[in-house]
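Visitor: Okay, handing you the structure first.
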Amino acid sequence: MMYKLNARDFGWNQIDEDFVVFTMTDEKYHVFNETAKDLFEFIHVHEGCSIDDINNYFEQNYEIENQEQLSQDIKILLEQMQQIGMLYEIS
């Protein structure tokens, strides 16, 4: 599975420690933490990245104690971002 941002239908900004996303389709604000911001920025720079690419990025930039938990957390976050229309899967 590969991922790409849907840059047309949302806006984002950093407010203090929070990464805030406004989705235009439902006109709602969503607040994400610093890790989610890092994921967003990675996908933004590496358009069409795979879940393996994302896992490798986090392994290299964070102290990971449990690889399985990392994979699960990333999948959940990707699903949340898809649900609000921030990103979509590409083939």
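The values are calculated or read from the model by the stated rules, or taken from the named source; none is laboratory data. Not measured: the values here are computed from a predicted model. Glycine also receives a Cβ, built like all others from the backbone with ideal geometry; neighbour counts cover every protein chain displayed. Each accessible area value is taken on the protein alone, full model and side chains, heavy atoms only, with ligands, DNA and RNA left out. Shrake-Rupley method; radii C 1.70, N 1.55, O 1.52, S 1.80 Å.
Visitor: Exactly one condition in (1) modelled with pLDDT under 90; (2) surrounded by 12 or more Cβ atoms within 10 Å (Cβ to Cβ) is not met by LEU77; state its number.
Guide: It fails just one condition, (1).
Visitor: Restricting attention to segment 52-68, which residues are acidic (Asp, Glu) and open to solvent by 70 Å² or more (accessible area, probe 1.4 Å)?
Guide: Across segment 52-68, the qualifying residues are ASP52, GLU59, GLU63, GLU65, GLU68.
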